[in-house]
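The values are calculated or read from the model by the stated rules, or taken from the named source; none is laboratory data. Model, not experiment: these values are computed from the prediction. Positions of Cβ are generated from backbone atoms using ideal geometry, with glycine treated the same way; all protein chains shown enter the neighbour counts.
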């Protein structure tokens, strides 16, 4: 009886939510507004804090960077129309467009947005590494840029970036949302409230943000980019974001056409919509559009390996053979097939995912399901059939609980007992950043399309983030350091693969799967295509 009452209450609650949203949003026929829901919420609109995908998505609408990544993963012009690299490859000189204006805002004289200059670029990049800003992205320039004058405006349209030495991935780094260009006037006027009052040069400008309720942005009529016919972008009049934290509610709203797309599909809905092979079931064909694309993201389990940490001193995970046994002890292929409906590729190579040019499954050997090998490693570690091996706690968040339980059940068959503990996402992030999580679920999304971005997660000189496992290996560091100064692509890729293999042998991580971008999109949405970094691209989106 209670189950029936709860079911009825859930249906009524869902119906009421739909009615509320229908009242709040205009009908699609009456507007040219793009609607989506941000399930994970947004903590800040300040690009210096664009650490999460949700924050990166909105930063991309409000701001621009010097360069950006195109759909083919190439670095292309944005605010910078061209750039030159010095002969010793330590200085990059950017030549800026002179037709880029900040959004109109009271921070400027007469409320009129002024022209962006190289001095804004200098200010914005210095702001990232300023300790007072406390940007989580400060690490991106660590041991890469000149320590005295890394960023310098030569004149209004010329900006210079000075490196400590050759560093090939730097163009990718400055394409990150952290490196969005902001005006000093707005940062100083709004102070700590700049986090909720963004002023940029992007295709959309800020209108209103009711935290946890809605974020509204409007077309920037002065945006500098145009399409091939000379029409000014964007085509949309605006973007409305809701913040329902229930995937069930999000899916209901999508079915009611109140949302224009959904990013990823909740596990409980996958079997209703998709076959095990990852295609739309026939009942949904023609009603929605399924978009998939290789995604530069790896899902993994991280293991703290810092021997000076108290958690590690008392953990069986300090033993490399135990870590390797975990890697061999569960079936990634079965997990992806049944729990992901084939939306992903089992991660049986290294940490660097499919989609990057340096990826080579033949060159980097990871782990596959081999319970006999797992038992052998346990025995070699002194735990025959798991006897005497303490229970290991795995921290995860709710949406990955089924994955964690699947892994735990299979590991138990090899003699490895794992207790799955579900915690809030914010808590898990805090624990991994403070090195207080011994075994945890994680993911790494590419900030830019270079294997360096993934391998930097294990560079011993990097803090947490990004080195959440506190991995340290002189052999790894040597291969990594050689790679990032090598300008011959084929040689650099081999060095990346060498570093990846060294780390995989030490097993500070348990790769799960190489991801795919998965979107459900309304049929009337055009020019809205996924990309390998899963950045929300709305400049060209339009409706039929």
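Here are the numbers:
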quantity	calculated
Residue list for region 253-277, filter: touching a residue at least 24 places away in the same chain (Cβ under 8 Å) and out of contact with any strand residue (DSSP E or B) (no Cβ under 7 Å at 6 or more places or on another chain)	256, 257, 266, 267, 270, 271, 275, 276, 277
Single residue of 103, 95 found to be part of a loop (DSSP other than H, G, I, E, B) and at pLDDT 95 or above	103
Subset of region 531-544 [over 24 Å from residue 356 (Cβ atoms), assigned to a loop (DSSP other than H, G, I, E, B) and at pLDDT 95 or above]	538, 539, 540, 541
Region 44-82: number of residues that are over 16 Å from the mean Cα position of the chain (by Cα), in a strand (DSSP E or B) and in contact (Cβ under 8 Å) with a residue 24 or more places away in the chain	3
So residue 207, is it in a helix (DSSP H, G or I) and more than 17 Å from residue 123 (Cβ to Cβ)	no
Any hit, region 157-168, residues being in contact with a helix residue (DSSP H, G or I) (Cβ under 9 Å, 6 or more places away or on another chain), in a loop (DSSP other than H, G, I, E, B) and either modelled with pLDDT under 95 or within 28 Å of residue 215 (Cβ to Cβ) (or both)	yes
Pick from region 268-288, criterion farther than 19 Å from residue 523 by Cβ and out of contact with any helix residue (DSSP H, G or I) (no Cβ under 7 Å at 6 or more places or on another chain), ranking: surrounded by the fewest Cβ atoms within 10 Å (Cβ to Cβ)	277
Some residue of region 126-148 being in a loop (DSSP other than H, G, I, E, B), touching a helix residue (DSSP H, G or I) at 6+ places or on another chain (Cβ under 7 Å) and buried (at least 20 other Cβ atoms within 10 Å of the Cβ)	yes
Options 377, 337: the member that is crowded, with 22+ Cβ neighbours inside 10 Å and out of contact with any strand residue (DSSP E or B) (no Cβ under 6 Å at 6 or more places or on another chain)	377
Lone qualifier among 192, 216, 241 - being touching a helix residue (DSSP H, G or I) at 6+ places or on another chain (Cβ under 9 Å) and either surrounded by 15 or more Cβ atoms within 10 Å (Cβ to Cβ) or under 16 Å from residue 47 (Cα atoms) (or both)	241
